[in-house]
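What follows is calculated from the coordinates using simple rules that are stated; it is not laboratory data. What you see is a predicted model; the values in this text were computed from it and never measured. Note: ideal-geometry Cβ built from the backbone for every residue, glycine included; neighbour counts use all protein chains shown.
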Amino acid sequence: MDHVTGLMLTYRYAILVPIGFIEGPISSFIVGTLVASGFLQAVPAYLLYVASDIFPDAILYGLGRYGKNLAFVKRMLAEHDGAADSIERLRRLWFDHTLATMTVSKLAYGFAPPMLVSAGFVNLPPRRYFPCALLITLLQYALFITLGYYFSSAFTLISRSLIGVQTLAAIVILFAIVYSFSARAKRRLGFSREQKEARKK
């Protein structure tokens, strides 16, 4: 992530949207450290990151809703077991558990694009999709930027102390919990490799 930090230091706010789009929430942790150092202001950086996340969410939703006949949209869903036999399951998930499905979709690394496309594909109303997407986006960037801010402050003051180690451990545990939750949810939704092989047989 050193190259990301270098870009932020060079271009400041101008680079936050493209970096947020490419690197995702993890790079916002670096933003938190730069806010702590006084190099960036928290509110503008936070809003730019939120915008960089919501814009692709809207594009993916639109592709699913209005580009259903596009070959790459069908291929995207098929590669993630979203083909015909799974569409009804996806429909139930989005309509019955909108917020939970949005949470898993956005927090699971590499899982978001096909799932957000599927929300449009099953015609989830925009009035249900966008509030949930915005809520998760606001919370996740607030969390990562705050973690970056307080980790940087703690590390600067007591970089070799037990508190510094505990702070780092807490962050590692947080990522482990998110990853574990995402993996379990992914298996529960029927996207495991074993189920895919079973259907082929």
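Simple spin-label estimate for Phe55 and Ala42 gives 2.5 nm between the two label positions (7 Å along the Cα-to-Cβ direction from each Cα). Each of Ile15, Ile136, Ile26 was scored by other Cβ atoms within 10 Å of its Cβ. Arranged with the fewest first, they read Ile26, Ile15, Ile136.
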